[in-house]
Amino acid sequence: MNILLLLGALLALFYIIARHQFPFRKLALASALFLLVFTLAGGFNLFWGLLFWSTLLVPAMLLGIPQLRHSLLSRPLLRRIRKILPPMSATERDAIEAGSVWWEAELFRGAPDWQLLQGYRLPVLSAQEQAFIDGPVDELCAMI
């Protein structure tokens, strides 16, 4: 019963931390404090204690120490991904080199800043550009 209580509480803790997008270090620290309190309160025997502590410490060390993460996780994953992905096309390269993605990046992050978009001032056409729109473009549209 204690194990189920621990798992439920840990899942709730992970959900809260992930929902509020806390950094990984805060997640690891909160988990360690939670397990420490549970261990000191006699929440589980030696087997379960070692299991939960090792389940916390191994990923925390792997993800929390940049050198370990880079050599054991990032580099091998990047090698595999490079083998799987097709080469970048000229169009994709041009799009990436063209500059920033501005507001679209906000949109794809999942939490766009709508005030930024609403506060954007529309560009004003120069007199020459406006004359082109009013003249040849209107004439072309009338022909269609």
Quiz item: Can you find a residue in region 38-47 that is closer than 18 Å to Ala12 by Cα and not in a helix (DSSP H, G or I)?
Solution: yes
Exercise. Give me the pairs, please: first residue somewhere in region 1-24 and of a type in the set (Val, Ile, Thr), second residue anywhere and surrounded by 12 or more Cβ atoms within 10 Å (Cβ to Cβ) and not in a helix (DSSP H, G or I), beta-carbon distance under 7 Å, and either six or more positions apart or on two chains.
Key: Ile3/Phe44
Practice problem: Kindly provide the set of residues from region 27-53 that are of a type outside the set (S, T, N, Q), more than 16 Å from Leu4 (Cβ to Cβ) and surrounded by 14 or more Cβ atoms within 10 Å (Cβ to Cβ), ordered by number. | Solution: Leu27, Ala28, Leu29, Ala30, Ala32, Trp53
Quiz prompt | Output for region 121-136, where each listed residue is assigned to a helix (DSSP H, G or I) and closer than 29 Å to Trp102 by Cα | solution = Ala127, Gln128, Glu129, Gln130, Phe132, Ile133
Quiz item: Right, Arg69: over 30 Å from Gln21 (Cα atoms) and surrounded by 11 or more Cβ atoms within 10 Å (Cβ to Cβ) or not?
Solution: no
Quiz item: From the list Phe22, Phe34, Phe14, which residue is touching a helix residue (DSSP H, G or I) at 6+ places or on another chain (Cβ under 9 Å) and outside any helix (DSSP H, G or I)?
Solution: Phe22
Quiz item: So, of the residues in region 8-19 that are closer than 19 Å to Gly64 by Cβ and not β-branched (Val, Ile, Thr), which turns out to be surrounded by the most Cβ atoms within 10 Å (Cβ to Cβ)?
Solution: Leu10
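Only the coordinates and a few stated rules stand behind these numbers; no lab work does. Predicted model, so just to flag it, every value in this text is computed and none were measured. Neighbour counts run over all protein chains shown; Cβ positions are idealised from the backbone, glycine included.
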